Structure formats: C-alpha cells, structure tokens
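Working notes for the structure below.
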Amino acid sequence: MKNSLTFFEKCSVSASLNDLAYRDYIAARFLLNNEFVVQGLTLASTAVEKYLKSIIVFHSIEDKNYHYHFDNLQKLKNALANIYDITERFDPGFLSILEKAYKIRYYDRLNNQILIGIYVNQFIGELDATIHDLEIFIAKTQNGNNKFSNYWRAVEQNEPNLYMNNYLLNKLDKKEFMETPGFAFSIHIQAGTSAIGFEETVRSKEVATLYEGSLTTFDEFQNNWGM
C-alpha cells in the first residue's frame, strides 16, 4: 500500500490547496470589509486552515493525514510540528477566533454557546499579516523563493479586493492602523432545537481602541447573553 506521495503529487495537491485558500481569504476580506462579520470569520478560518494543509502536504515525508480542522487544534499543531509553529507565529487571540469560527459552520453541532467580540480593523489587520507570513513561508520553502501564487500575482497587479484596508501592502504602521476608529462587533451564537439555532450581533458605534501587540477583545455583550 502506498504510504507516501511523489514529489509531483505533493506539488499538485499543495498548489491546489493554496489556490483554494487564497480564494477564501479574498472572499473573507470582502465580507469583513462590508460588515458580513460571521460569514467573513468563517471564511477566514477556512482560508488559514487550507494554507496550513498546503504546508503539511508539501513537507510531510509520509502520506500524512492533513484533513484536520480548527476543531482539533492539537492534531493540526502535531501535523505541523517542526515545520510551521502556529503557536509561535499566530496572535493567540486571532487563533482563538479561528477555532470558534470553525465551530459556527454548523449550528446543530454546537455543544456550548459561542461568543466572539472583535474590532474589525484589528481582525482584518491580523488576517492580512498571517496570510502574508504564510505566503512568504510557502514561497521560500516550496517554490525556491519564487512568488508565483495567486496572492503574489494579486499583489503585483494591485488587486483592489486585496489592497483595500490592507495596512501591510499599503505600507502603513501596524499600531496606527490597528488603533484606527472603526466598528466592533459582539456575536453570540447558540444551537437551537434544529440546525438553524440563533445568532445575535451587536454592532458598536465607530470606536477606537488600543493595540498593544495582540488583538483586543470587544466584550460589550448584551446582558441577556449570560455574560
């Protein structure tokens, strides 16, 4: 029984995952910039997940199972061991949101309520920084430092959906960008008696908040959410 992928197979599967990841990322940016927050968070989670799977496939010596999701973070970390340390490279608040966002794909599978509070500018900024780091890592370790993925083509072509509100590509100071006044959202999701469940969202007035090197949590939840 075959227990390893050929180099060609690794390249093919990894590139396909990278392509899908970028598409999810761009869609997530569009949704978040247009205040479709729950949908944007969900696609942000799938985008980062697919980038990580792309790395696992390419760097694994054996035909390792890469079908892990953010519902089992430890297995994902184990599959990436000695390759890409997400604990070290990811903002802990950002990683926590990605975990929660995976769970809200299917309301009927929720065992506990999900509470997420974000400042949208800060989340987008951290998403952009994370994807940029992933793309640089992939270019260096998988493509001989050649930047020919969809992401790098979009960078070269000044793709509006990539550059809009992107502090990195627009060469803005990260702290200044993260503290720019913008909207914040508190989201409460809970399973109901069916797959539909319920969702409530509180949108703040335009506010600014401090950024001290990690994401700030927006915790102005409604009183009846049990906080």
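The values are calculated or read from the model by the stated rules, or taken from the named source; none is laboratory data. All of these numbers come straight from a predicted model, not from anything done at the bench. Neighbour counts run over all protein chains shown; Cβ positions are idealised from the backbone, glycine included. SASA here: full protein model, heavy atoms, side chains in, ligands and nucleic acids out. Shrake-Rupley method; radii C 1.70, N 1.55, O 1.52, S 1.80 Å.
Conditions (1) in contact with a helix residue (DSSP H, G or I) (Cβ under 7 Å, 6 or more places away or on another chain); (2) at pLDDT 95 or above; (3) open to solvent by 50 Å² or more (accessible area, probe 1.4 Å); (4) under 23 Å from F123 (Cα atoms), marked per residue:
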residue	(1), (2), (3), (4)
L20	yes, yes, yes, yes
R23	no, yes, yes, yes
L32	yes, yes, no, yes
I56	yes, no, no, no
S60	no, no, no, no
N72	no, no, yes, yes
L76	yes, no, no, yes
| task | Kindly list, by first and then second residue, each pair from a residue in the range 12-24 that is under 15 Å from F137 (Cβ atoms) and in contact (Cβ under 8 Å) with a residue 24 or more places away in the chain to a residue that is hydrophobic (A, V, I, L, M, F, W, C) and open to solvent by less than 60 Å² (accessible area, probe 1.4 Å), limited to pairs with Cβ atoms under 6 Å and residues at least 6 apart or on different chains. | result | S14/V57; S14/F58; A21/A47
| query | Restricted to the range 112-128, and to residues that are more than 13 Å from E179 (Cα to Cα) and among the polar types (S, T, N, Q), which residue is least open to solvent (accessible area, probe 1.4 Å)? | reply | Q113
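Quick check, is N121 in a loop (DSSP other than H, G, I, E, B) and not basic (K, R)? Can you show your working first?
Details: in a loop (DSSP other than H, G, I, E, B): no; not basic (K, R): yes.
Here the answer is no, as N121 does not meet what is asked.
Any residue in the range 45-60 that is closer than 28 Å to M164 by Cα and assigned to a strand (DSSP E or B)?
No, the range 45-60 contains no residue that is closer than 28 Å to M164 by Cα and assigned to a strand (DSSP E or B).
Can you name every residue in the range 127-152 that is not aliphatic (A, V, I, L, M) and not in a loop (DSSP other than H, G, I, E, B)? Lay out the reasoning, then the answer.
Initially, the range 127-152 is screened for residues not aliphatic (A, V, I, L, M), giving 128, 130, 132-133, 135, 137, 140-152.
The answer is D128, T130, H132, D133, E135, F137, K140, T141, Q142, N150, Y151, W152.
If you check N161, N170, which single one turns out to be in contact with a helix residue (DSSP H, G or I) (Cβ under 6 Å, 6 or more places away or on another chain), modelled with pLDDT of 80 or more and either open to solvent by 50 Å² or more (accessible area, probe 1.4 Å) or within 20 Å of Y102 (Cα to Cα) (or both)?
On the way: N170 fails: in contact with a helix residue (DSSP H, G or I) (Cβ under 6 Å, 6 or more places away or on another chain).
None of the others qualify; the one that does is N161.
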| Failed condition for A81, given (1) among the small types (G, A, S); (2) in a helix (DSSP H, G or I); (3) free of Cβ contacts under 8 Å to residues at least 12 places away in the same chain, with all others met? | (2)
| Checking S96 against (1) in contact (Cβ under 8 Å) with a residue 40 or more places away in the chain; (2) surrounded by fewer than 17 Cβ atoms within 10 Å (Cβ to Cβ), which test does it fail? | (1)
